Amino acid sequence: MDEGPALSPHERRILADIEQTLETDVELQRTLRSTPRRRLIARPPLAGIICALAVLCLGLLVAATATPSPTLIWCFALAWVSLLGTTALHLRGWYSKRRARSGGTPPDRP
């Protein structure tokens, strides 16, 4: 596999020095070992599911108001509850990631 032009001897020495410095960095090695691995099975993006549910809710709302069908009203209610639940899960995950990045509890809570 061709990766472009070869490195000069000077560039190889610089690269070897950088690699040696990184290998001796204890804090970096600890961080790399403790970082969790990504899952092989990707979850579907919740934002896409939320958008699809919102469009479905809007369509069902329009259809339910145009026709007095109880089935459409119940379908709208089910889609609306699903939209609220999915949005709550998305916001909970977003908040916990944000909280983990900031390093703990927000300042307004003990």
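Would you please state which residues of region 44-85 a label at TYR95 would reach in this model, taking the label point 7 Å out along Cα→Cβ and a backbone N cut-off of under 14 Å? Output list for this probe position: 85. Applying 0.36 nm per residue to the separation of LEU84 and ALA16 and subtracting their alpha-carbon distance, the gain on full extension is 19.1 nm.
Bear in mind these aren't lab numbers, they're just calculated from the coordinates by the rules spelled out. Note that the coordinates shown come from a computational prediction; the quantities given were computed from them, not determined experimentally. When we count neighbours, we look across all protein chains shown, and the Cβ atoms used for this are built from the backbone with ideal geometry, even at glycine.
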